[in-house]
Structure formats: structure tokens, C-alpha cells
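The values are calculated or read from the model by the stated rules, or taken from the named source; none is laboratory data. None of these values were measured; they are calculated from a predicted model. Backbone-built Cβ (ideal geometry, glycine too); neighbour counts: all protein chains shown. We work out accessible area using only protein heavy atoms, side chains counted, and drop any ligands, DNA or RNA first. Shrake-Rupley method; radii C 1.70, N 1.55, O 1.52, S 1.80 Å.
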Amino acid sequence: MKYMLLMYWDQSIVPKSTPEEIKAAAQAWYALGDEMKAAGVLVSNNGLSPITNATSVRVRDGKTLITDGPFAETHEQLGGYYILDCKDLDEAIGWAAKIPSAKDGTIEVRPTWSGN
């Protein structure tokens with residue numbers, strides 16, 4: 001079963017980090033990726049550019065409406081994702097708990113639609 005782990009956090013925290021904290025965080029992220037690869041669960045992952053680069057698209061009454069930024073007004077923003085192939089939800093939750101941003105953000109775990 002494939003699960004998407006969506007990583008949300010307050011992006012205003014990042015500018016407050018010291019260079020040493022950023023380096024330590026990067027090492028934690030790389031170590032997690034290596035662990036996921038070694039376990040054979042990593043399908044895909046990527047980070048997203050800041051919300052200032054986002055565009056929201058809606059179609060209402062046949063008209064395409066485009067606005068800058070995310071659709072929802074919230075402190076936490078979607079910052080990236082992992083797609084993992086796990087045996088069950090419990091395994092996916094275990095991986096989600098290892099994501100460094102889970103310490104100060106939120107990881108949403110959702111099964112992908114299988115179409116069956």
C-alpha cells in the first residue's frame with residue numbers, strides 16, 4: 001500500500017535557525033532518506049518552494065480563478081512530501097514519526113487512491 005506523508009510546518013521558523021542548526025537538520029533529513037531507501041519503502045520525495053511562489057486555481061461557473069499563495073490561511077504550510085510503499089498504516093505512521101519536521105510541525109499520512 002502506498003502512503004503519502006505530507007509535511008506541514010510553520011515556515012517562519014526556518015529564518016530563525018542558525019547555520020549550525022540548518023546543517024544538523026540537513027544531516028537528519030539525509031539520514032532519514034538513506035534509512036527509507038535501505039528499508040525499501042521510499043517511492044518518491046521532494047520539498048516545495050516557499051508559499052510565496054504558490055498559485056491557487058479554482059474553476060467557478062466555468063471561469064478559471066487564479067490567486068497568489070495557498071488557498072487556506074493557516075500558520076502551517078505544506079512544505080514537502082514522501083510517498084512510501086508500506087505494508088500497513090502502522091508502518092507508515094512509524095516512518096512519519098521519524099520525519100524531522102514532526103517535532104515542530106504536522107505530518108499527515110494518507111493512503112493513495114488505488115483505483116480498485
Find the accessible area per residue for the chain; the probe is 1.4 Å, ligands and nucleic acids are left out, and the unit is Å². 69
The chain: most fluctuating residue of Lys16, Lys98, Lys37 per GNM, C-alpha cutoff 10 Å: Lys16
Sticking with the crude label model, points 7 Å out along Cα→Cβ, report the distance from Ile83 to Lys2 in nm, one decimal please. 0.4
I'd like the FRET efficiency for Ser17 and Thr64, computed as 1/(1 + (r/R0)^6) with the beta carbon distance as r and R0 of 30 Å, rounded to 0.05. 0.20
Per the helix-only model, the chain has a calculated mean residue ellipticity at 222 nm (DSSP H runs of ≥4, -39500 (n - 2.57) each, divided over all residues, rounded to the nearest 500) of -9000 deg cm²/dmol
Size of charge dipole - the chain - debye, nearest 20, with Cβ of Lys, Arg +1 and Asp, Glu -1, no other charges: 300
Under a 1.4 Å probe, counting only protein heavy atoms, Met7 has an accessible area in Å², nearest 10, of 10
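Within the chain, what whole-number % of the accessible surface is contributed by carbon and sulfur, with the 1.4 Å probe and all protein chains included in the calculation?
55
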Spin-label pair Asp90/Ile51, simplified geometry with 7 Å Cα→Cβ offset, distance in nm: 3.6
How far, in nm, would the chain grow between Lys103 and Trp29 when pulled straight, counting 0.36 nm per residue and subtracting the alpha carbon separation? 25.4 nm
